[in-house]
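Participant: For reference, the structure I am asking about is given below.
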Amino acid sequence: MELHLFIHVLGDPNLGETLITQGDLIMAKLQDIADDIAAEKTVIEGISTLIDGLEKQLADALANSGITPEVQAQIDSIFAGAEANKAALAAALLKGTTPVVPTTVPPVVEPPPVP
């Protein structure tokens, strides 16, 4: 058994070309979005690396330095704020993309003033 199907477009004789062009535009936009997401991931990974590196450098520099508990508390507070900001950035970028994302974005934490 053979089946022959003919599609006749009434009205716009360029409809097929128009649909192909729109499809190409949609695919280009999707690629732009995918590229943006990859760039955001790179930025987040860079921020994580920076924070981890700073924390290690500071710990190495202050090892056996005899800093006071108050200064240590301030250092811990600064890095806790940096980690909270990193989490807030990651949550904001993922908001609305998956059902496991928190409904609220954690607030950005300002570091305490250095005396």
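Participant: Classify the range 42-89: rounded, prolate or oblate, from the alpha-carbon gyration tensor (a ≥ b ≥ c, eigenvalue square roots; a/c under 1.5 rounded; otherwise prolate if a/b is larger than b/c)?
Facilitator: Judged from the Cα gyration tensor, the range 42-89 comes out oblate (a/c at least 1.5, b/c at or above a/b).
Participant: Moving on. Label 7 Å along Cα→Cβ of Glu55; the range 68-98 residues with amide nitrogen under 17 Å?
Facilitator: Residues passing the 17 Å test: 72-91.
Participant: Another question about this same structure. Note down the nm distance, to one decimal, between modelled labels 7 Å out along Cα→Cβ at Asn14 and at Glu45.
Facilitator: Reported label-point gap for Asn14 and Glu45 is 4.4 nm.
Values in this text are rule-based calculations from the coordinates and carry no lab data. It should be emphasised that the depicted structure is a prediction, and the values quoted were computed from it without experimental measurement. Don't worry about glycine lacking a Cβ; one is built from the backbone with ideal geometry, like all the others, and counts go over all protein chains shown.
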